[in-house]
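The structure appears right after this line, and notes come after that.
The values are calculated or read from the model by the stated rules, or taken from the named source; none is laboratory data. Note that the coordinates shown come from a computational prediction; the quantities given were computed from them, not determined experimentally. Backbone-built Cβ (ideal geometry, glycine too); neighbour counts: all protein chains shown.
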Amino acid sequence: MRVIICGAGQVGSSIAAYLAREDNDVTIIDPREELVYQINDTMDVNAIAGKPSNPDILSAAGANEADMMIAVTLSDETNMISCQIAHSLFGVPKKIARIRDQSFLDPAWSNLFSRSHMPIDVIISPETLIAEDILRRISVPGTTSVISMVDERLYLIGVICAEDCPVINTQLSQLKHLFPDLSFGVVSIHRNNKHIIPDGDDMLEVGDEAYIIVDTQHLRRVMAAFGHLEKEARRIIISGGGNIGYSFIKLMKSKLSGIQLKVIEHNTERANFLSEKLEDIIILHGDTLERSILEEAAIEKSEAYIALMNDDESNILGSLLAKQYGCERVLTLVNNHAYYPLVGPLGVDVMISPRSTLVSHIMQHVRRGRIRGIYNVRDGFAEIIEAEVSDASFVVNKSIADLELPREVTFAAIIRGDEIIMPEPKTELRKGDIAVVWAQSEKAHIVEKLFSVSVNML
């Protein structure tokens with residue numbers, strides 16, 4: 001597949017790396033020459049310096065032969081114009097654009113992106129996606145990550161195994177005997193900065209981060225089985241009332257009730273804006289790194305502190321202060337993934353990655369075959385994929401053992417009608433099944449091929 005990516009920032013370069021790893025023909029366009037040189041030196045893609053909205057540049061990038069364009073520059077207008085030119089001049093079949101300005105997404109202007117006006121096939125709204133991600137994590141306390149799948153019938157959760165975890169030092173094969181009425185399975189373990197694909201003989205250790213696939217109806221009981229009995233937060237402090245913070249507040253107000261919410265905003269103009277738009281919420285104007293403003297927000301009584309400022313360092317430091325002053329749980333937005341190995345051990349409970357959220361969503365529209373959904377796990381280490389078994393797919397009427405999959409690819413669950421199956425090697429895949437598959441990122445293309453009509457595993 002030939003793909004043109006407009007924008008070589010964190011999101012664009014991450015998508016390019018994914019696609020290049022799977023032998024796609026990828027070209028990145030970005031006006032920053034130094035970034036283009038760096039990409040050409042370090043990645044197996046073609047990078048071109050120039051404006052993505054320039055027809056000559058798009059032509060040089062091979063737009064006339066492209067199967068897809070993904071426009072993820074920081075400019076909404078550039079993304080839209082690039083897609084329009086790709087459609088009108090080059091006939092690119094599929095166009096994906098990141099749109100940040102919510103006014104473009106107002107239902108009143110829903111016809112803007114129709115085929116007869118500005119033909120963009122998929123609109124990505126970062127603020128909306130990140131807000132939804134945060135809400136899921138708030139709704140399932142005690143988790144490091146939460147992914148809802150198959151119309152919310154399954155969850156993938158990450159949990160830390162503390163010293164009081166009841167299943168520590170228990171073989172994973174024994175868990176189904178200990179909890180015969182619960183549908184769940186451990187699909188991966190993160191231990192000492194290493195990832196383990198477990199088998200039945202493996203055991204969980206103190207400090208492990210376990211990734212568990214679980215039937216939604218059994219979520220709370222499985223959490224309790226792993227030692228997590230945390231209550232949903234009702235007293236919440238949000239640090240940062242920018243676009244992400246504002247989107248999250250509106251979403252939370254529409255989905256949850258009984259929340260006592262306070263917002264700390266440093267910028268005077270923005271604080272006034274929030275006060276006008278959110279009359280029923282306490283807006284505190286000040287620096288979240290100052291003890292006085294945290295005390296004014298009653299940080300010691302809060303159950304969750306969510307850092308959503310535009311500065312990683314302020315988010316991290318604010319979260320650590322909140323934890324030190326008595327907040328039960330902190331969630332921190334971190335753009336720079338170099339901080340990830342450092343932040344967790346310092347006491348941050350949940351790290352929110354805008355890049356991972358966006359990449360996951362975009363990749364759902366890139367995958368071929370009968371792929372229904374694809375989700376990025378732990379900063380791109382793995383993907384959890386849901387796919388439909390068609391009557392012409394490679395896997396239909398085959399057992400999992402027959403597929404002879406590498407260890408890095410694991411069938412985590414199968415949805416068959418109203419039934420949720422935690423599969424074994426002998427389990428057969430049938431037409432109409434929805435399979436949930438865990439795959440390390442470098443092996444994710446195998447899943448795509450498995451659910452295609454024809455397969456060349458080589």
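Tabulated values for the structure
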| read-out | value |
| --- | --- |
| Residue that is surrounded by fewer than 22 Cβ atoms within 10 Å (Cβ to Cβ), within 21 Å of Gly9 (Cβ to Cβ) and not aliphatic (A, V, I, L, M), where the choices are Asp56, Asp106, Asp44, Asp67 | Asp44 |
| The range 240-268, residues that are assigned to a helix (DSSP H, G or I) and under 21 Å from the mean Cα position of the chain (by Cα) | Asn243, Ile244, Gly245, Tyr246, Ser247, Phe248, Ile249, Lys250, Leu251, Met252, Lys255 |
| Ile237 vs. criteria modelled with pLDDT of 95 or more, touching a Leu at 6+ places or on another chain (Cβ under 6 Å) and either within 30 Å of Leu105 (Cα to Cα) or assigned to a loop (DSSP other than H, G, I, E, B) (or both) | no |
| Residues located in the range 1-16, provided they are in contact (Cβ under 8 Å) with a residue 60 or more places away in the chain and either basic (Lys, Arg) or farther than 10 Å from Ala66 by Cα (or both) | Arg2, Ile5, Cys6, Gly7, Gly9, Gln10, Val11, Gly12, Ser14, Ile15 |
| Lone qualifier among Ala49, Ala60, Ala20 - being among the hydrophobic types (A, V, I, L, M, F, W, C) and within 30 Å of Val447 (Cβ to Cβ) | Ala20 |
| Condition check for Phe113: surrounded by 15 or more Cβ atoms within 10 Å (Cβ to Cβ), among the hydrophobic types (A, V, I, L, M, F, W, C) and without any contact (Cβ under 8 Å) to a residue 12 or more places away in the chain | yes |
| Among the residues listed as Thr357, Thr332, the single one being in a strand (DSSP E or B), polar (S, T, N, Q) and out of contact with any Cys (no Cβ under 6 Å at 6 or more places or on another chain) | Thr332 |
| Output for the range 198-235, where each listed residue is within 16 Å of Asp133 (Cα to Cα) and among the aliphatic types (A, V, I, L, M) | Ala233 |
| Selection from the range 177-206 of residues that are hydrophobic (A, V, I, L, M, F, W, C), surrounded by 14 or more Cβ atoms within 10 Å (Cβ to Cβ) and part of a loop (DSSP other than H, G, I, E, B) | Phe179, Leu182, Ile197, Leu204 |
| Subset of the range 385-428 (residues that are over 16 Å from Arg372 (Cβ atoms) and in a strand (DSSP E or B)) | Ser399, Val409, Thr410, Glu419, Ile421, Glu428 |
| Residue match in the range 100-111 (condition: farther than 30 Å from Met351 by Cβ, of a type outside the set (Ser, Thr, Tyr) and assigned to a strand (DSSP E or B)) | no |
| Every pair of residues 6+ apart whose Cβ atoms lie under 6 Å, when the first sits in the range 42-57 and is assigned to a strand (DSSP E or B) while the second is crowded, with 16+ Cβ neighbours inside 10 Å | Asn46/Thr27; Ala47/Ile28; Ala47/Val36; Ala47/Ile39; Ile48/Ile29; Ile48/Ala61; Ala49/Val36 |
| Unmet requirement for Asp402, which otherwise passes all of (1) at pLDDT below 90; (2) among the acidic types (Asp, Glu); (3) exposed (fewer than 14 other Cβ atoms within 10 Å of the Cβ) | (1) |
| Condition met for Val389 (within 30 Å of Thr332 (Cβ to Cβ), touching an Asp or Glu at 6+ places or on another chain (Cβ under 8 Å) and modelled with pLDDT of 90 or more) | no |
| Candidate set from the range 156-176 (those that are in contact with an Asp or Glu (Cβ under 8 Å, 6 or more places away or on another chain) and in a strand (DSSP E or B)); member that is surrounded by the fewest Cβ atoms within 10 Å (Cβ to Cβ) | Gln171 |
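Here is a yes/no grid of residues against (1) under 25 Å from the mean Cα position of the chain (by Cα); (2) closer than 18 Å to Pro119 by Cα:
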position: Ala47; (1), (2): no, no
position: Pro55; (1), (2): no, yes
position: Ala60; (1), (2): no, no
position: Met69; (1), (2): yes, yes
position: Val72; (1), (2): yes, yes
position: Gln84; (1), (2): no, yes
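A quick yes/no check of all residues on (1) part of a helix (DSSP H, G or I); (2) at pLDDT 90 or above:
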| residue | (1), (2) |
| --- | --- |
| Met309 | no, yes |
| Ser319 | yes, yes |
| Gly326 | no, yes |
| Ala338 | yes, no |
| Leu342 | yes, no |
| Val348 | no, no |
